[in-house]
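Worksheet: one structure, shown below.
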Amino acid sequence: MKSNKEILTQKKYKHFDVTRPPSTELLNALSNETFIKQHSFWPFLHFQLKTTKYYDKVKTPKSRELYYSSHLDSYIYQYYNHKLSSFYESYLIEKNLTNYPIAYRSLEKSNIHFAAESFEFISKNPNSLVLCFDIEKFFDRLDHSILKENLLKIQNLSKLPEAFYKVFKSLTNFSWVERNEALKILNLKQNDILNINRLCSAKDFRNKIRKNNLIHQNHEKYGIPQGSALSALFSNIYMIEFDLQLSKFAKKENGFYKRYSDDIILIIPCPSYAKEYYNEFVKNLINSIKLNISEKKTEIVKLNGGIPIDGKQIQYLGFIYMDGEIRIRPKTVTSYYKKVYKRIEIIKKVQKIKQNDKIFLKRFYENYTHLGKDNFISYVKRAKKIFKNESLEKDTKHHWNKIYKKFNP
């Protein structure tokens, strides 16, 4: 039996309740259905994570809607994630699906391994049709009735237990507070948060958050919050019928299929049908579970002797395949150098003020160069080893010289 520390992980962010370390007493409470049935879930805190994406060389702003739960709620989601994962994994084994959904599972592999498997299949089948899809607004569009049906299916139940149903409803009819609105009405600045153990007392929550109508509620019959400890597993369970049908289809065509959350790759050797046939098959299959494929992110590449006949690159999980060569995605490399150069400018300014040309250098080297053990450069080295491909280091092999020149122009 796993210990409480193997099942539960303490989070240190600030929320409406106080964080506390996992304990045997806490684990016992979480396993008590009466405790869960009587528990009142706090609203999530919501914020947008804004990034910039490039589609066909066009700069496009993108935002992800992220929610984080209170500390006790997080422990509840972690506990039920632990319980439910065993049912999900057993179902995958029963249906021969263990090799297809590859995200949010303990597979002892990373996205590097999964990309390598995909490109290895291409190298062995150089005359292929490669189709890459992205599901539009994945977590925001998960239909509650389909999710519930699949939760029953994997557990072989006709009805969800009362305690688990309450957890299910907390993630479907979820409530949230905008983080910025909460900080504003509580008169909190970012620096203030470092010195408190919770955002506010229960009394202030009632008088300032609730009474000012800052609590929002999801009244739709679809959508779950992305960010809870149970949401990722729910999303995988939602896709069980899709994974089953597309894996059977790929096997019938002697093809290859993987799904990393909402990123799908389907490879068909020597296609006997036009690409529209495979494209429509996947789109119709995803529509059958009330989701949509993002048209602008769909990439269909036909290979002849391993060479794309239309000059397109194959992109999957942060890597590109072009004319038999595998590289790190260029915008990922560009982002790395932008961060490095920006950090160097900050360090040089501080060094000048402090009159110390050694300050912050040790941490910088650990975070951004080959001297560190867990950074982008070490990631590239792992990829090179897993792919067994020297070309993966082409864009970063001279990073030390570039950094030296920035420090010593």
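Among the residues of segment 361-395, write down those that are surrounded by fewer than 16 Cβ atoms within 10 Å (Cβ to Cβ), in contact (Cβ under 8 Å) with a residue 12 or more places away in the chain and not in a helix (DSSP H, G or I).
Selection gives 370, 394.
Has segment 77-85 got at least one residue that is aliphatic (A, V, I, L, M) and touching an Asp or Glu at 6+ places or on another chain (Cβ under 9 Å)?
no
Residue 227: open to solvent by less than 10 Å² (accessible area, probe 1.4 Å) and either out of contact with any Pro (no Cβ under 7 Å at 6 or more places or on another chain) or at pLDDT 95 or above (or both), yes or no?
no
Could you go through segment 278-292 and let me know if any residue there is modelled with pLDDT under 90 and assigned to a loop (DSSP other than H, G, I, E, B).
no
Tell me which residues, restricted to segment 224-248, are in contact with a strand residue (DSSP E or B) (Cβ under 7 Å, 6 or more places away or on another chain), part of a helix (DSSP H, G or I) and not polar (S, T, N, Q).
243, 246
Since residue 278 meets every condition but one in (1) among the hydroxyl-bearing types (Ser, Thr, Tyr); (2) surrounded by 17 or more Cβ atoms within 10 Å (Cβ to Cβ); (3) within 26 Å of residue 110 (Cα to Cα), which condition does it not meet?
The one condition residue 278 does not meet is (3).
Can you find a residue that is part of a loop (DSSP other than H, G, I, E, B), touching a strand residue (DSSP E or B) at 6+ places or on another chain (Cβ under 7 Å) and more than 24 Å from residue 88 (Cβ to Cβ) anywhere in segment 301-309?
Yes; the residues of segment 301-309 include at least one that is part of a loop (DSSP other than H, G, I, E, B), touching a strand residue (DSSP E or B) at 6+ places or on another chain (Cβ under 7 Å) and more than 24 Å from residue 88 (Cβ to Cβ).
Closer than 28 Å to residue 131 by Cβ, open to solvent by 40 Å² or more (accessible area, probe 1.4 Å) and not hydroxyl-bearing (Ser, Thr, Tyr): is that true of residue 346 in this structure?
no
If I ask for residues that are crowded, with 16+ Cβ neighbours inside 10 Å and either assigned to a helix (DSSP H, G or I) or β-branched (Val, Ile, Thr) (or both), which ones from segment 162-184 would you list?
Residues satisfying the conditions are 163, 164, 166, 167, 168, 170, 171, 172, 177, 179, 182, 183.
A quick yes/no check of all residues on (1) part of a loop (DSSP other than H, G, I, E, B); (2) out of contact with any strand residue (DSSP E or B) (no Cβ under 6 Å at 6 or more places or on another chain); (3) open to solvent by 50 Å² or more (accessible area, probe 1.4 Å); (4) modelled with pLDDT under 95:
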position	(1), (2), (3), (4)
45	no, no, no, no
51	no, no, yes, yes
62	no, no, yes, yes
75	no, yes, no, no
85	no, yes, no, no
88	no, yes, no, no
91	no, yes, no, no
106	yes, yes, yes, yes
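In contact with an Asp or Glu (Cβ under 7 Å, 6 or more places away or on another chain) and either among the charged types (D, E, K, R) or closer than 30 Å to residue 133 by Cβ (or both): is that true of residue 335 in this structure?
Judged against the criteria, residue 335 is not a match.
So is residue 292 touching a residue at least 24 places away in the same chain (Cβ under 8 Å), open to solvent by 50 Å² or more (accessible area, probe 1.4 Å) and either under 26 Å from the mean Cα position of the chain (by Cα) or within 15 Å of residue 131 (Cα to Cα) (or both) or not?
Spelling it out, residue 292 is indeed touching a residue at least 24 places away in the same chain (Cβ under 8 Å), open to solvent by 50 Å² or more (accessible area, probe 1.4 Å) and either under 26 Å from the mean Cα position of the chain (by Cα) or within 15 Å of residue 131 (Cα to Cα) (or both).
Is it fair to say residue 151 is open to solvent by less than 30 Å² (accessible area, probe 1.4 Å) and free of Cβ contacts under 8 Å to residues at least 24 places away in the same chain?
When the stated conditions are applied, residue 151 does not pass them.
Just to be sure, is residue 314 hydrophobic (A, V, I, L, M, F, W, C) and under 22 Å from the mean Cα position of the chain (by Cα)?
Criteria met by residue 314.
The values are calculated or read from the model by the stated rules, or taken from the named source; none is laboratory data. Since the model is a prediction, treat every value here as computed from it, not as a measurement. Quick reminder, even Gly has a Cβ in these numbers, built from the backbone with ideal geometry, and neighbours come from all protein chains shown. All accessible areas refer to the heavy atoms of the entire protein, side chains included, with ligands and DNA or RNA removed. Shrake-Rupley method; radii C 1.70, N 1.55, O 1.52, S 1.80 Å.
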